[in-house]
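Each remark here refers to the structure printed beneath this line.
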Amino acid sequence: AMIGDHEINGVEMSYYYADTVENNYNRWAQNYGENLSLYMSLYGLDLTQPLSAQTYSDDTTWADYFVDVALSTAQRDYLLSDKAKAEGFVLTEESQALLDPTIDNLPAIGTLYGYANVDSYLRAMFGPGASVEPYRAYAERSALASDYYNAYAENLEIDDAAIRAYEADKFDDYSSFSYAHYTISYSY
């Protein structure tokens, strides 16, 4: 994939893909707790089976869905980190303090899981070609993009009068709605 001037290779895509699956799973686990299995089964998702063999929608598998989300995340990260760098924005101390130990602890985590070295562990997790430096670059870019976005959002000044004027100018767009009503019937 190409994002601006950046080419996303297979290894980097694996980082985004694996993190997308893990982040979604963790969010669902947090939201649904002990009902997680029920929630996932309602959506036809079984993490013990290949995601490419499970239907997300009529013409999309769960693997396709996660690839699309991973690509969107990569696009967001590259665009925001490029903008941050162009403006001289750097990682916050808090993000750097989280990132450094994460990278520094990779060898210990690999050993804990029985791998001979950190690169063997990363290859097992993300596929051939995965190693510490590309993973560090990925993690730093993601953290920088997140920090930049958060700083931007915190510095937005929203003028209520301007919002109300815009709303008045587009009254029809903001004073109507549509809805759908569904009925579920059960037979026993």
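The values are calculated or read from the model by the stated rules, or taken from the named source; none is laboratory data. The model shown is predicted, which means the values in this text are computed figures rather than measured ones. Cβ: placed from backbone, ideal geometry, glycine included. Neighbour counts: every protein chain shown. Keep in mind that these areas ignore ligands, DNA and RNA; they rest on the heavy atoms of the full protein, side chains included. Shrake-Rupley method; radii C 1.70, N 1.55, O 1.52, S 1.80 Å.
Please determine, by comparing only the residues of region 129-188 that are aromatic (Phe, Trp, Tyr) and not in a helix (DSSP H, G or I), which one is farthest from the chain's Cα centre (by Cα). Going through the qualifying residues, I end up with 188. The set of residues in region 136-187 that are under 30 Å from residue 78 (Cα atoms), among the aromatic types (Phe, Trp, Tyr) and open to solvent by 100 Å² or more (accessible area, probe 1.4 Å) comprises 149, 152. Scanning region 1-17 for residues that are open to solvent by less than 30 Å² (accessible area, probe 1.4 Å) and under 15 Å from the mean Cα position of the chain (by Cα) yields 12, 15, 16. Checking 133, 140 one by one, the residue that is at pLDDT below 95 and under 30 Å from residue 85 (Cβ atoms) is 133 and no other.
In region 25-54, the residues that are touching a residue at least 60 places away in the same chain (Cβ under 8 Å) form no Cβ pair under 7 Å with any partner that is in a loop (DSSP other than H, G, I, E, B), whether six or more places apart or across chains. Restricting attention to region 18-38, the residues that are under 17 Å from the mean Cα position of the chain (by Cα) and open to solvent by 60 Å² or more (accessible area, probe 1.4 Å) total 7. Residue pairs whose Cβ atoms lie under 9 Å apart, sitting 6 or more positions apart in sequence or on different chains, and linking a residue in region 1-18 that is among the hydroxyl-bearing types (Ser, Thr, Tyr) to a partner that is surrounded by fewer than 15 Cβ atoms within 10 Å (Cβ to Cβ) and assigned to a loop (DSSP other than H, G, I, E, B), are 14/129. No other residue among 95, 81 is polar (S, T, N, Q), at pLDDT 95 or above and closer than 24 Å to residue 9 by Cα apart from 81. When region 74-94 is examined, which residues are found to be open to solvent by less than 50 Å² (accessible area, probe 1.4 Å) and either free of Cβ contacts under 8 Å to residues at least 40 places away in the same chain or over 13 Å from residue 136 (Cβ atoms) (or both)? Of everything in region 74-94, those that are open to solvent by less than 50 Å² (accessible area, probe 1.4 Å) and either free of Cβ contacts under 8 Å to residues at least 40 places away in the same chain or over 13 Å from residue 136 (Cβ atoms) (or both) turn out to be 74, 77, 78, 80, 81, 84, 92. A single entry from 148, 113, 121 fulfils the requirement of being touching a residue at least 24 places away in the same chain (Cβ under 8 Å) and on the phi < 0 side of the Ramachandran plot: 148.
Residue count for region 1-29 under the criterion of being charged (D, E, K, R) and assigned to a helix (DSSP H, G or I): the result is 4. Annotation: of all residues in region 39-61 being open to solvent by less than 100 Å² (accessible area, probe 1.4 Å) and assigned to a helix (DSSP H, G or I), the one that is nearest to residue 18 (Cα to Cα) is 51. If only residues of region 62-73 that are among the small types (Gly, Ala, Ser) and surrounded by 13 or more Cβ atoms within 10 Å (Cβ to Cβ) are counted, the one that is nearest to residue 154 (Cα to Cα) is 70.
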